[in-house]
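I have placed the structure first, in the form of structure tokens, so that the comments after it can refer back to it.
Every read-out reported here was derived from the displayed coordinates using simple, explicitly stated rules and does not represent laboratory data. Keep in mind that what you see is a predicted model, and the values were worked out from it rather than measured. Cβ coordinates were reconstructed from backbone atoms using ideal geometry, including for glycine residues, and neighbour counts include every protein chain displayed.
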Amino acid sequence: MSPFRRIGIVALVAFVLQGTCLAQSPRVGDLAVSQRVALVIGNGDYPETPLPNAVRDASAIAERLRAFGYTVREHHNLGKARMEAEYRKYVLELQEGGGLGVFYYSGHGLQFGGQTYLVPVDADIADPREAAFWAVALEPMVAVFERIGNRGNVVILDACRKNPFGRSEVRQHGLAAVSLASLKNTLLEYATAPGQWASDGAREKHSPYTEALLLHMGAADTDMTEVF
């Protein structure tokens with residue numbers, strides 16, 4: 001098992017298994033974690049292509065994480081400046097406390113030039129070359145998680161939804177893959193395979209990915225290798 005996968009599993013045990021032991025993995029009680037912090041963002045109020053379930057998805061995940069002992073920063077429908085500000089606050093809290101971190105994002109995402117971008121609700125991308133200006137790049141965020149030296153990080157992206165800017169030239173499907181070889185302290189999970197779309201789900205419910213995640217997060221005897 002790679003160091004990336006092993007550390008990622010240990011991080012996830014803390015909020016899913018509530019003390020259940022994995023084969024060849026420590027018990028949650030043995031982790032001696034001083035802090036568990038989560039940043040949960042649900043962006044659904046896009047002017048052109050709203051996502052009815054994104055905020056509900058984020059709220060449900062936030063509620064579950066609180067039940068597992070996490071201090072949760074939960075935010076809905078953020079513009080770019082607020083997304084970046086809340087991310088910085090979250091990173092500083094993780095760095096100071098040294099505990100486990102979970103970052104969950106539901107909303108629009110896109111890729112351009114091999115980079116994945118999380119789309120704020122105030123983005124106005126008419127040309128793919130504008131993505132770096134209007135949206136928040138994923139790889140720099142993950143790179144920071146790798147450097148801060150906390151116990152472990154989980155990044156969950158339910159963000160591979162339909163193209164939010166059909167009028168533009170953004171034609172590359174889904175999200176781009178981040179090199180797993182570079183990840184030693186972060187478990188990165190997508191709602192679907194890189195380059196593919198995921199569904200927002202039926203109205204007034206959850207996306208299929210988050211609905212399944214909530215189901216398996218609630219099973220205390222589930223092996224973490226099976227959760228994702």
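For the reader, a short list of remarks on this structure follows.
- Three-way shape call for segment 93-145 based on the alpha-carbon gyration tensor, with the a/c threshold at 1.5: prolate
- Protection proxy ranking for 77-88, 99-110, using the average of other Cβ atoms within 10 Å per residue and placing the highest first: 99-110, 77-88.
- Global form of segment 62-103, assessed from the alpha-carbon gyration tensor, a/c cut-off 1.5: oblate
- Segment 40-114 shape via C-alpha gyration tensor axes, a/c threshold 1.5: oblate
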